[in-house]
1. Between 0 and 90 degrees, rounded to the nearest ten: what's the tilt of helix 76-86 against the longest Cα principal axis of the chain?
2. Quick one, which of (1) 3, 17, 27, 26, 14, 8, 4, 1, 0; (2) 2, 9, 7, 9, 10, 11, 11, 14, 12, 7, 4, 3, 1; (3) 3, 13, 22, 21, 19, 13, 6, 2, 0 is the actual P(r) over Cα pairs in 5 Å bins from 0, in percent calculated for this model?
3. Which ³J(HN,Hα) values, rounded to whole Hz and listed in residue order, are derived for the range 25-30 from phi using the Karplus coefficients 6.51, -1.76 and 1.60 in 6.51 cos²θ - 1.76 cosθ + 1.60 with θ = phi - 60°, glycine and proline given as x?
4. Under a 10 Å cutoff between Cα atoms, tell me which one of Lys42, Lys14, Lys65 has the largest fluctuation in the Gaussian network model of the chain.
5. Show me, for the range 47-55, the HN-Hα J-couplings you get by feeding each phi into the Karplus relation (A = 6.51, B = -1.76, C = 1.60, θ = phi - 60°), rounded to Hz, glycine and proline as x.
6. Gaussian network model of the chain, Cα springs within a sub-10 Å range: biggest mean-square fluctuation belongs to which of Ser77, Ser22, Ser61?
7. Of Gln78, Phe31, Val66, whose Cα points farthest to the positive end of the dipole of the chain (charges on the beta-carbon: +1 Lys, Arg; -1 Asp, Glu; origin at the Cα centre)?
8. Which of Cys13, Cys43, Cys34 moves the most in a Gaussian network model of the chain with Cα springs under 10 Å?
Amino acid sequence: MDNSYKFFSNRDCKYFPCHKTSRPEDFNCLFCYCPLYTLGDKCGGNFKYRENGIKDCTDCSLPHKVESYEYIIGKFSQLAELAKKSAY
């Protein structure tokens, strides 16, 4: 695969795949824990908030799509800004 650094599939993981998919062969585990979670409603994924205020990403497959790599990397500057704010 070209650009193999953008894709990793851990079929040995007991949770694989951790979200419903019709194409497990294309399921990307690179961002196993979504780095965009902390962006809240600005992450761009298919999420909802539970009544208790917890973000529920059960129906989101954004970080697990091969084509999402550039999108996620493009959000790192926003994550860096959040990190700066929380450092003070």
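1. Approximately 40 degrees, to the nearest 10.
2. Computed from the coordinates, P(r) over Cα pairs in 5 Å bins from 0, in percent corresponds to (3).
3. Running phi through 6.51 cos²θ - 1.76 cosθ + 1.60 with θ = phi - 60° gives 5, 9, 7, 8, 9, 3 Hz.
4. Lys14
5. So the J values, rounded to whole Hz, are 10, 8, 9, 6, 4, 7, x, 7, 6.
6. Ser22
7. Gln78
8. Per the Cα network of the chain with a 10 Å cutoff, Cys13 tops the list.
Laboratory data are not the source of any read-out in this text; all were calculated from the coordinates shown. Small disclaimer: the values here were computed from a predicted structure and weren't measured. Reconstructed Cβ throughout: ideal geometry from the backbone, glycine too, with neighbour counts over all protein chains shown.
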